[in-house]
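A.B. asks: This structure is in structure tokens; I'll ask about it shortly.
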Amino acid sequence: MKILVTGGAGFIGTNLCSTLSKDHNVYSIDNYSIGSKLNHLKGVSYIEGDIVDIFDHFDKNDFDICFHLAGLSRIQPSFTIPLDTFHANTIGTQNVLEWCRTNSTKVVYSGSSSKHHDPYQSPYALYKYLGEEICKMYRQVYKMDVEIARFYNVYGPKEIIDGDWAAVLGIWRRQIRDGKNITIVGDGEQRRDFTHVQDIVDGLIKISEFKKCHNDAWELGSGKNYSINELARFFVDRFECEVNYIKDQPGNYRETLREHDDALDELGWKPKDRLQDYIMSL
């Protein structure tokens, strides 16, 4: 099959392209605002460009599947760049869906577990929510095959360490590399569902192959959550580091946890709890 991965040079996109390219003709479109050319893989065709301008980057759409992963992927930066976040996460999604409609290309969209919280807590949460609603509209109005995969806290190889787009594991890895104490936001009792990126890749592929369309979204969470304090203890055990607490931040949810088991029951998806082993392997 001919497959397009938007954001294919990013963290999740690189892992997905690595698996898909073993058996398929894989293309990536990425503007490298977060992704890196250092992630390029042999056997994958890379197009440098913005998904907002996706019509300008392809003469025609003859793709079988589009995994739409591109976007600005964290809550905190969205407070300072709301327009950029809207541009990437909402307008970009609209244009990708419209482009895919020209050839009835199946779409697997990367949603967010922020959908389960107040969407008005951050620009990121609202614009990812709108992205899901655009997908549902195309599914209903145009009868497109559009699937939504909701991600939780994804970790694993190729995770971002430097810059504003690093998540908690990446931030702590950077702090340890730089000889600093790791920082916990708030009291550390907020709980997160951490899912290994290889489980995410497996779930995305299973969703793309599934013949029955989900009427809402597939929840790709591990089904187990850890407090940030528990996570820090793994890091302390591994690196013998110190911990500093800093003030809480806006948009910081108290808990995330997979909402339902449809992916397990219908797809046969079986995520593994690899968090502690992964940290100990660093």
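The values are calculated or read from the model by the stated rules, or taken from the named source; none is laboratory data. Worth saying up front: this structure is predicted, and the values here are computed from it rather than measured. Methodologically, a virtual Cβ is constructed for each residue, glycine included, from the backbone with ideal geometry; neighbour enumeration extends over all protein chains shown.
A.B. asks: Given the criteria of a type outside the set (Lys, Arg) and more than 17 Å from Val107 (Cα to Cα), does Asp64 qualify?
C.D. replies: no
A.B. asks: Now for a different question. Being surrounded by 24 or more Cβ atoms within 10 Å (Cβ to Cβ), within 25 Å of Glu98 (Cβ to Cβ) and at pLDDT 95 or above is true for just one of Val52, Val44, Val5. Which residue is that?
C.D. replies: After applying the criteria, what remains is Val5.
A.B. asks: Step by step: first the residues of the stretch 56-83, then only those that are modelled with pLDDT of 95 or more and among the aromatic types (Phe, Trp, Tyr), then the one that is nearest to Thr19 (Cα to Cα). Which residue is that?
C.D. replies: Going through the qualifying residues, I end up with Phe67.
A.B. asks: What is the one condition in (1) part of a loop (DSSP other than H, G, I, E, B); (2) over 22 Å from Tyr124 (Cβ atoms); (3) over 20 Å from the mean Cα position of the chain (by Cα) that Gln249 does not satisfy?
C.D. replies: The one condition Gln249 does not meet is (2).
A.B. asks: Those residues that are in contact with a helix residue (DSSP H, G or I) (Cβ under 9 Å, 6 or more places away or on another chain) and within 24 Å of Pro77 (Cα to Cα), I need them from the stretch 27-49; list them, please.
C.D. replies: The answer is Ile29, Asp30, Asn31, Ser33, Ile34, Gly35, Ser36, Asn39, Glu48, Gly49.
A.B. asks: Looking at the stretch 173-205 only, could you name the residues that are in a strand (DSSP E or B) and among the hydrophobic types (A, V, I, L, M, F, W, C)?
C.D. replies: Those that are in a strand (DSSP E or B) and among the hydrophobic types (A, V, I, L, M, F, W, C): Ile182, Ile184, Val185, Phe194.
A.B. asks: Also, quick follow-up: Cβ-Cβ under 9 Å, sequence separation 6+ or interchain: first residue in the stretch 43-56 and in contact (Cβ under 8 Å) with a residue 40 or more places away in the chain, partner buried (at least 20 other Cβ atoms within 10 Å of the Cβ) and part of a loop (DSSP other than H, G, I, E, B). Which pairs?
C.D. replies: Close Cβ pairs satisfying both conditions: Asp50/Ala70; Ile51/Gly7; Ile51/Ala70; Ile51/Gly71.
Matching residues to (1) within 28 Å of Leu257 (Cα to Cα); (2) not β-branched (Val, Ile, Thr):
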site: Gly49; (1), (2): no, yes
site: Val52; (1), (2): no, no
site: Phe58; (1), (2): no, yes
site: Phe67; (1), (2): yes, yes
site: Ala70; (1), (2): yes, yes
site: Asn95; (1), (2): no, yes
site: Arg101; (1), (2): no, yes
site: Val107; (1), (2): yes, no
site: Ser110; (1), (2): yes, yes
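A.B. asks: If you don't mind, another one. Please work out which one of (1) out of contact with any helix residue (DSSP H, G or I) (no Cβ under 9 Å at 6 or more places or on another chain); (2) at pLDDT 95 or above is the condition His196 fails and give its number.
C.D. replies: Status for His196: all satisfied but (1).
A.B. asks: Tell me yes or no: at least one residue of the stretch 71-81 is among the charged types (D, E, K, R), out of contact with any His (no Cβ under 9 Å at 6 or more places or on another chain) and in contact (Cβ under 8 Å) with a residue 24 or more places away in the chain. First the steps, then the outcome.
C.D. replies: First, pick out the residues of the stretch 71-81 that are among the charged types (D, E, K, R): 74.
Then drop every residue that is not out of contact with any His (no Cβ under 9 Å at 6 or more places or on another chain), which leaves 74.
Imposing the further condition that a residue be in contact (Cβ under 8 Å) with a residue 24 or more places away in the chain reduces the set to 74.
Yes.
A.B. asks: How many of the residues in the stretch 94-110 are crowded, with 23+ Cβ neighbours inside 10 Å and either of a type in the set (A, V, I, L, M) or in contact with an Asp or Glu (Cβ under 9 Å, 6 or more places away or on another chain) (or both)? If you could, list the steps in order and put the result at the bottom.
C.D. replies: Taking the stretch 94-110 first, the residues crowded, with 23+ Cβ neighbours inside 10 Å are 96-97, 100, 107-110.
Of the ones still in play, those that are also either of a type in the set (A, V, I, L, M) or in contact with an Asp or Glu (Cβ under 9 Å, 6 or more places away or on another chain) (or both) are 96-97, 107-109.
Of the residues in that region, 5 qualify.
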